[in-house]
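Just below is one structure, and these are the notes that go with it.
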Amino acid sequence: MVETRTLTLTEIEDLAFRALVAAGTSEANARPLAIATAATEADGVASHGLAYIPIYCEHVQCGKVDGKAKPVLSRPRPGVVAVDAATGFAHPAIDAGFDALIPAAREQGIAALAIRNSYNCGVLGYHTYRLAQAGLVGLGFTNAPASIAPSGGSKPVVGTNPFSIAAPGTDGQPALLIDQSASTIAKSEVMKHAREGKPIPVGWALDADGNPTTDPNVGLKGSMAPSGGYKGVGVALLTEIMAAALTGATLGLNASPFSGTAGGPPKTGQFFIAVDPSATSDGAFASSIAELGSDIRSQDGAHLPGDGRCAKRIAAQETGVAVNVTTLGKIEAILR
């Protein structure tokens with residue numbers, strides 16, 4: 001049984017912040033990443049939460065990410081915001097981009113944000129969630145180092161490449177939040193099973209010859225299984241176009257791994273589109289989303305994507321989050 005300790009969200013944010021700074025990250029870069037870490041734990045996505053802090057710290061120390069990077073923002077067109085993350089963390093680059101993207105979308109009805117020379121952005125839905133809180137429909141893409149083979153092949157060429165869409169509700173929270181990778185499961189979940197010495201379900205990953213495997217270590221040396229077969233490969237390619245080709249970032253095929261210390265900065269990318277529904281729906285957006293949600297929830301056992309996260313976040317604010325003690329030990333070692 002995994003031993004855990006309950007921490008408040010404030011304690012999680014503080015712990016992540018102090019560890020990142022101790023590893024050589026500037027306070028300005030550490031804070032948005034620490035805030036996102038606490039929110040991710042609150043959402044119940046532990047594989048992308050505190051468990052990643054020791055990896056982030058290791059990558060700062062080995063030079064895979066520049067903890068003191070300063071994102072550079074430009075406005076190549078009225079409806080386009082571009083940010084060069086300068087091989088630093090994605091979170092401060094996204095923060096800088098959102099500061100310009102949100103008002104641009106409100107003014108023009110739609111705007112795009114392109115980020116290049118970036119790094120792992122954590123849970124993509126965390127970022128689109130924020131756009132929905134601002135009253136915008138947020139669509140996000142992020143590419144990753146290659147881990148999915150093309151249909152009929154066995155050599156990975158694209159990453160798990162998540163996409164996310166969040167629709168605003170009437171209470172300041174998303175009415176709908178879709179956040180899914182092109183693979184059957186996020187690669188971090190396979191990595192988590194490998195760390196814990198647990199087998200993975202059939203259908204999560206493939207060996208080097210393209211055959212299903214239940215051994216997470218074999219899967220990590222092979223490829224991730226695309227969600228829905230060739231359709232998952234299509235989603236991965238879509239995201240690769242949006243987050244890498246359109247931003248000028250590095251293709252997943254050429255990006256260094258997000259895990260381990262091999263290679264330099266991955267220089268991957270993110271792409272966001274923000275739409276003001278009042279500019280496009282003739283006032284019908286809110287009622288349409290409400291009707292859709294009501295019809296789905298009226299069915300026994302049915303729920304909207306994102307319902308679980310929102311409920312967990314509210315509960316976590318009151319009761320805290322159970323955190324893996326082994327993970328805490330690794331972070332505490334960084335602080336010593």
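Please treat every number below as a calculation from the coordinates, not as lab data. Remember, predicted model here, so these are calculated numbers, not experimental data. A quick note on method: Cβ atoms are made from the backbone with ideal geometry, for glycine too, and the neighbour counts reach across all protein chains shown.
Structure above, values below:
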{"item": "Kirkwood hydrodynamic radius of the chain, Cα pairs, Å", "result": "20.3 Å"}
{"item": "√(5λ) per eigenvalue of the Cα gyration tensor, the range 1-130, largest first, Å", "result": "28, 18, 11"}
{"item": "Solvent-free Debye scattering, log10 I(q)/I(0), computed from the Cα coordinates of the range 136-292 at q = 0.09, 0.11, 0.17 Å⁻¹", "result": "-0.35, -0.50, -0.95"}
{"item": "Mean ellipticity per residue at 222 nm, deg cm²/dmol - from DSSP H runs of n ≥ 4 across the chain, formula -39500 (n - 2.57)", "result": "-12500 deg cm²/dmol"}
{"item": "Distance violations [Cα-Cα > 18 Å] among 155/198; 187/221; 64/155", "result": "155/198; 64/155"}
{"item": "Radius 15 Å from Cβ of residue 280, net charge of other residues (Lys, Arg +1; Asp, Glu -1)", "result": "-2"}
{"item": "Environment charge of residue 12, counting only residues whose C-beta is closer than 15 Å and scoring Lys/Arg +1, Asp/Glu -1", "result": "-1"}
{"item": "Cα pair distances of the range 103-201 binned at 5 Å [whole percent]", "result": "3, 12, 17, 18, 18, 13, 9, 6, 3, 1, 0"}
{"item": "Charge context of residue 97, other residues only, Cβ under 13 angstrom, K/R +1, D/E -1", "result": "0"}
{"item": "GNM top mover of 208, 82, 236 - the chain, alpha-carbon springs below 10 Å", "result": "208"}
{"item": "Spread of Cα-to-Cα distances over 5 Å intervals beginning at zero, given as percent, for the range 89-143", "result": "4, 19, 34, 26, 12, 4"}
{"item": "Residue with peak Gaussian network fluctuation, the chain [Cα springs, cutoff 10 Å], from 240, 41, 27", "result": "27"}
{"item": "Rg to Rh, two decimals, where the range 204-329 supplies the alpha carbon set and Rh follows Kirkwood", "result": "1.05"}
